[in-house]
Amino acid sequence: MDLILVVLGLLLIWPVLALVAVLVWAKHGWPVFFAQQRAGLGEKSFRLYKFRTMTNQRDSDGKLLADAHRLTPLGRVLRNTSLDELPELYNVIKGDMALVGPRPLFMRYLPYYTNRERLRHSVKPGITGWAQIHGRNFLPWEERLALDVWYVENRSLWLDFKILLLTVVKVVSRDGVSADPDAVETDLDQERRDKIMAETAEEIPGHCD
């Protein structure tokens, strides 16, 4: 079903893909695509593809500048309209992803999931998902991961179609979208390390900051 929908979709949107690729090349240079390792089915790593939304601008020491400084006006438009995620259709064709499923997150987050949250990796990650139509980057991590698990335990063909339809509505209305995710969400690994440190500090008698 995913392959059929993707092939039909590509026949309709290939001019959009070509136009975005040209704009990205003109503004950001080569390569047009951004690739990053993400955790997929069975917690196995795969390369996720997106259109580049940032430059490779660096400081005097050769280190990349913060995302907010490298994000271009074109990049903001691509993120706000979710056009930057269109190359993930290639991941669906490859079999790394599905159209609907928990969003693929960073590999470094794997040690920080609870046993229940690990259920999100028992299905293929998706371009969109149950958590994405309920707030995306604006959701606290616990709520976001709980929605992923709910989807895994309740998934069905009807639910997938419902998520796809609501995703279109969300994208058109730009509801729950942030061009700069770093401004609205924390890193899961850092958040949970801080939580562990805080809990440990409370257990140590006489501890003071």
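The values are calculated or read from the model by the stated rules, or taken from the named source; none is laboratory data. Every value quoted in this text rests on a predicted model; they were computed, and no experiment measured them. Because the Cβ atoms are built from the backbone with ideal geometry, glycine has one as well, and the counts that use them run over all protein chains shown. All accessible areas refer to the heavy atoms of the entire protein, side chains included, with ligands and DNA or RNA removed. Shrake-Rupley method; radii C 1.70, N 1.55, O 1.52, S 1.80 Å.
Between residues in the range 29-46 that are at positive phi and residues that are open to solvent by 80 Å² or more (accessible area, probe 1.4 Å) and assigned to a loop (DSSP other than H, G, I, E, B), which pairs lie under 8 Å by C-beta distance while being six or more apart or on different chains?
29/56
Where in the range 34-153 are there helices (runs of 4 or more DSSP H), lying wholly inside it, with at least 3 residues that are at pLDDT below 90? Talk me through it step by step, then tell me what you get.
Details: elements: 67-70, 73-80, 88-94.
Result: 67-70.
Taking residue 160 and the conditions (1) open to solvent by 60 Å² or more (accessible area, probe 1.4 Å); (2) at pLDDT 90 or above, which numbered condition does it fall short on, given that it satisfies the others?
Every condition holds for residue 160 apart from (1).
Does at least one position in the range 28-46 carry a residue that is open to solvent by less than 80 Å² (accessible area, probe 1.4 Å) and aromatic (Phe, Trp, Tyr)?
Yes - at least one qualifying residue is present in the range 28-46.
Which pairs have Cβ atoms under 7 Å, sit 6 or more apart or on different chains, and link a residue in the range 140-169 that is under 15 Å from residue 125 (Cβ atoms) to one that is open to solvent by 90 Å² or more (accessible area, probe 1.4 Å)?
149/116
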